[in-house]
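Everything below concerns the one structure shown next.
The values are calculated or read from the model by the stated rules, or taken from the named source; none is laboratory data. Quick caveat, the model's predicted, so the values are computed rather than measured. Here the Cβ positions follow ideal geometry from the backbone for every residue, glycine too, while neighbour counts run over all protein chains shown.
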Amino acid sequence: MSRLRGFIWFLAGVILAVLAGFVAYSTLNRVAAAPVAADVSGPTISVVAASRPLQPRTLLTQEDLTLIELPAGSTPEGALDSIEAAVGKLTLVPLYSGEPVLIQKLVDPNVRAADGRSALFLSQDQVLMAIPGQDLMSRVGVLKPGDRIDIFYSLPFPENRGIGATDEEDKEQQATFAVLQNVTIVEMVGGIRPLDASAPEQAAPAAVRPDSLLVTLAPQDALTLKYLIDAGGVIDIVLRAPGVERPFEVAPVDIDYLINRYSIPTGPGR
């Protein structure tokens with residue numbers, strides 16, 4: 001009987017020890033978590049961060065940026081608190097998704113140097129080229145710096161280029177094709193600019209119509225575009241959706257393409 005009583009007291013002691021250990025463990029966890037909770041509930045600051053991975057010399061748009069909350073005491077120096085302050089700037093270094101955007105990692109392409117030139121940031125394998133703003137998209141004022149565009153051209157081509165063909169046999173047929181895709185507008189130069197909104201007596205124009213669009217291209221692409229401009233081709237620009245950079249599969253369009261696609265009847269008996 002005494003042996004059973006001793007076993008019961010031993011079992012009770014073990015249970016009490018386990019309970020005491022559990023209480024002590026829970027208390028230590030609460031104590032350790034208390035500073036973290038206090039830090040999370042402390043004051044925070046909204047800062048601009050990259051919404052996706054960005055390469056150097058990226059012209060920032062609103063789609064590239066987002067706002068995140070950081071503890072006030074750990075905000076990095078140079079952090080921006082407004083997305084508008086970063087839009088239109090060029091990145092000098094790569095940025096990861098969610099990384100704060102710092103002012104010292106950006107350059108303003110619109111800052112004019114003493115010689116009047118913009119502080120454009122070009123890579124070593126690119127050149128800066130001006131495209132005449134003669135297309136309809138430029139004239140209606142839809143385009144803006146940072147937009148990604150595709151460039152289309154229409155140009156007449158000889159129908160018969162065979163050896164021995166005479167001038168009389170060489171008839172021209174117009175073809176329209178995509179010359180370049182996913183080109184970034186770096187700047188828009190000249191033309192009508194918005195008037196000062198602080199002057200109420202002046203009526204602001206409905207749209208900004210630039211004289212030229214500045215784009216960065218590979219040298220061979222720039223040379224191809226110059227040939228088409230010099231040849232008197234008709235240029236048109238289409239605007240891509242934000243964030244869409246993939247190539248589109250498009251075929252050149254001429255009269256034969258239209259006849260075949262739309263089953264247009266031609267010739268006698270149509």
Out of curiosity, is ALA119 at pLDDT 90 or above and surrounded by 11 or more Cβ atoms within 10 Å (Cβ to Cβ)? no
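Given LEU59, LEU19, LEU70, which one is more than 18 Å from PRO94 (Cβ to Cβ) and at pLDDT below 90?
LEU19
Within the range 172-187, is there a residue that is under 25 Å from THR224 (Cβ atoms), surrounded by fewer than 13 Cβ atoms within 10 Å (Cβ to Cβ) and at pLDDT 80 or above?
Yes.
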Within the range 228-270, track down each residue that is exposed (fewer than 10 other Cβ atoms within 10 Å of the Cβ), of a type in the set (A, V, I, L, M, F, W, C) and either in contact with a Ser or Thr (Cβ under 6 Å, 6 or more places away or on another chain) or modelled with pLDDT of 95 or more (or both). ALA251
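Which of the following residues is within 26 Å of VAL183 (Cβ to Cβ) and surrounded by fewer than 15 Cβ atoms within 10 Å (Cβ to Cβ): PRO56, PRO76, PRO109?
That would be PRO56, the only listed residue that is within 26 Å of VAL183 (Cβ to Cβ) and surrounded by fewer than 15 Cβ atoms within 10 Å (Cβ to Cβ).
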Selected residue [modelled with pLDDT under 65 and loosely packed, with under 10 Cβ neighbours inside 10 Å] from ALA32, ALA37: ALA32
For the range 73-106, which positions are closer than 23 Å to MET188 by Cα, at pLDDT 90 or above and either among the charged types (D, E, K, R) or assigned by TED's automatic domain parsing to the domain that holds ARG148 (or both)? GLU84
Only residues that are modelled with pLDDT under 95 and either over 20 Å from SER154 (Cα atoms) or buried (at least 18 other Cβ atoms within 10 Å of the Cβ) (or both): list them for the range 209-227, please. ARG209, PRO210, ASP211, LEU213, LEU214, VAL215, THR216, LEU217, ALA218
ALA165 - would you say it is of a type in the set (A, V, I, L, M) and either in contact with a Cys (Cβ under 7 Å, 6 or more places away or on another chain) or at pLDDT below 90 (or both)? yes
